[in-house]
Amino acid sequence: MNFAQEKQGASRYSGIGAVVLIHVLIIWALASGLARKVAEKVVGPIDVKVIEEKVKPPPPPEKIVPPPPDLKAPPPPFVPPPEFQVTAPAPPAPAIQSTQVAPPAVSEVRPAPPPAPAAPPAAPRPAKITAAMVCTKMSKPELPSVNWSGEALYKAVATVKAGRVTAVEITPLRGGVDRKAQRALIQSIEATLRDTYECPGDHVFEQEFQFKVD
């Protein structure tokens, strides 16, 4: 039996057990927060300060000054003088155009016709034409039988065609005559003018007729 080999095996197992125990302790310390306290004590609190950086304003832009203009005028180009003079030909004379002017038109002047002879003035007509001026035969109207008494006056305007009375217009000049008597008197005047008056030619005359019944 080899006692040396047994001793080496026992020491190897004891070393492995010690390593395992150390690992178990470390894991337990980490789990219980021991390691955090140890780290805080070792490291200590850290002060944090915020430092503001001062920003410088940008510099103002530089003013660009344009260069002064060149006031010197460029020299005129050199033109050599001509060795000989050239004369331009004279322009041709304008052609003379002959224009024929038509003779002025002669307007025919006709003499004015002689004025027409003035018509002879018409004979002035009298303001009032009566039956005695144009009629050759006249009769008095008969007094009709009427139940009336007094005076009546009428004016008759008669139109004559070819010597005979064709139309009569009678106007009473005095009132006070009843209708029945007035109608009979007017009919008597019209019958006398149409049947008994003879007036040669064509005329329009006036005639008054007066009746008086007592």
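The values are calculated or read from the model by the stated rules, or taken from the named source; none is laboratory data. No experiment lies behind these values; they were computed from the predicted model shown. Positions of Cβ are generated from backbone atoms using ideal geometry, with glycine treated the same way; all protein chains shown enter the neighbour counts. To get the accessible areas, we keep the full protein, side chains included, count just its heavy atoms, and leave off ligands, DNA and RNA. Shrake-Rupley method; radii C 1.70, N 1.55, O 1.52, S 1.80 Å.
Among the listed residues SER98, SER145, identify the single one that is within 24 Å of ASP195 (Cβ to Cβ), part of a loop (DSSP other than H, G, I, E, B) and at pLDDT below 90. Let's see the steps before the verdict.
Numbers: SER98 fails: within 24 Å of ASP195 (Cβ to Cβ).
Criteria check complete, one pass: SER145.
Which condition does ALA123 not pass, out of (1) open to solvent by 60 Å² or more (accessible area, probe 1.4 Å); (2) closer than 22 Å to THR196 by Cβ; (3) among the aliphatic types (A, V, I, L, M); (4) at pLDDT below 90, if it passes all the others?
Going through (1) open to solvent by 60 Å² or more (accessible area, probe 1.4 Å); (2) closer than 22 Å to THR196 by Cβ; (3) among the aliphatic types (A, V, I, L, M); (4) at pLDDT below 90 one by one, ALA123 breaks only (2).
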